[in-house]
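Shown next, in structure tokens, is the structure this report addresses.
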Amino acid sequence: MGKRVPHPAPRAGKSDAQASLVVEGDERPALAGFLRKRLPERTWGEIKRLIASGRVTIDGEPALDPGQRLSAGSAIRLAPGAPRARPRGEVRIVHDDAHVVVIDKPSGISSVPFERGERGTAMDLVREAWRRLGRPVAPLLVAHRIDKDTSGLLCFAKTNRALLQLQRQFRAHEVERTYLCVAQGDVESQTISSRLVADRGDGLRGSTRREDEGRLAITHVTALRHWPDATLCLVRLETGKTHQIRIHLAESGHPLVGETVYIRDLVRAGREPLGGDRLLLHAATLGFRHPTADEWCAFEAPLPPEFDAALARLDAARR
């Protein structure tokens, strides 16, 4: 195994006097309970939003599950403050070397052009960022995509060698990807498996019951937090098909908050879809073996401010 290279957490500011907390004693407390005890000025809702935003790490690794058990000696670190909102036409470059670039893409931006001459895609914004930073503009080769309305981590290859290696890892399901999302209703932790087709018979992508059609898609869902009408979920993709998370949760009766496409079944059942300023789906972590250095690379992207604000509104509605 190569060295694990996590995306470095932001340094704690002077006002964040408790940025690093060490677990003491023989007990194995849950992460949320430990932070609530050590940070009594914060409410339970604030603690859980802090974890969900990706601003908590355990021994340098991102921690997104409030129920995760801690071991004695573990160091809990809190990144200070919420990140500033990026302008629509700006991406954050998370990692950049001679072979791979990883970015944090805003919602509302296409990963790649879908029509000839389309501008303003993530690829365009990476080139603009390079120019702004005074870096040479390199080729961008598509290793994978995330939906236009999904925010979070996206990687491009910069060389053909890197592209072939990354594509092999994606095909072999060796890439680690987790997402945070808010789904409508009371979602239970589960694994959803189905065969996805481009048209399930009503013009929408979806699942088929025919074993000889479609492509296998497997989604692992962990419920992190429940509100009366919605659930915050951590989702791990075992496969990566177009709209997989959106389809699987919608077909299980729990479309994502802000979903506008996969809501037909919900409407037919007489239920009102929950709207919002954006689709509440965020690519929170991305891990792969570097295509040339033989090192495991792991990156994380905290929730953008508008996603964090949506969680705060759900908390406020419950009070």
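The charge dipole of the chain, taken about its Cα centre with unit charges on the Cβ atoms of Lys, Arg (+1), Asp and Glu (-1) only, comes to about 600 debye.
Taking Rh as the Kirkwood radius computed over C-alpha pairs, what is the Stokes-Einstein D of segment 243-319 at 4 °C in a medium of viscosity 1.567 mPa s, expressed in µm² per second? For the chosen part, D equals 87 µm²/s. The value given for segment 130-178 is a Kirkwood hydrodynamic radius of 12.4 Å, derived from the mean inverse Cα-Cα separation. Compared with the rule-of-thumb size 2.2 N^0.38 Å for a compact globular protein, segment 127-251 has a Cα radius of gyration ratio of 1.25. Select from G152, A198, A230 the residue farthest towards the positive end of the dipole of segment 114-256; place +1 on Cβ of Lys and Arg, -1 on Cβ of Asp and Glu, and compute about the Cα centre. Working it through, the farthest residue towards the positive pole turns out to be G152. Springs between alpha-carbon atoms under 10 Å, Gaussian network over the chain: tell me which of A283, A293, A183 tops the mean-square fluctuations. For the chain, modelled as a Gaussian network with Cα springs under 10 Å, the answer is A293. The share of C-alpha pairs in segment 92-318 whose separation exceeds 26 Å stands at 39 percent. Between amide H atoms placed 1.01 Å from N, distances below 5 Å from G206 occur with V197, D199, R200, all of them 5 or more places distant or on a separate chain.
What ranking of D147, D199, D97 emerges when the number of other C-beta atoms within 10 Å of each C-beta is taken as an exposure proxy, fewest first?
Numbers: D147 19, D199 10, D97 13.
Taking fewest neighbouring Cβ atoms as first place, the list is D199, D97, D147.
Backbone geometry of segment 197-203 corresponds, through the Karplus equation with coefficients 6.51, -1.76 and 1.60 at θ = phi - 60°, to 3J(HN,Hα) couplings of 10, 5, 8, 7, x, 10, x Hz, x marking Gly and Pro.
Residues whose amide H lies under 5 Å from that of R225, counting only those 5 or more places away or on a different chain, are L232; hydrogens are built 1.01 Å from N in the peptide plane.
FYI, it's all coordinate maths here, none of it is from the lab. All figures in this text were calculated on a predicted structure; none of them were measured in a lab. Positions of Cβ are backbone-derived with ideal geometry, glycine not excepted, and every protein chain shown enters the neighbour counts.
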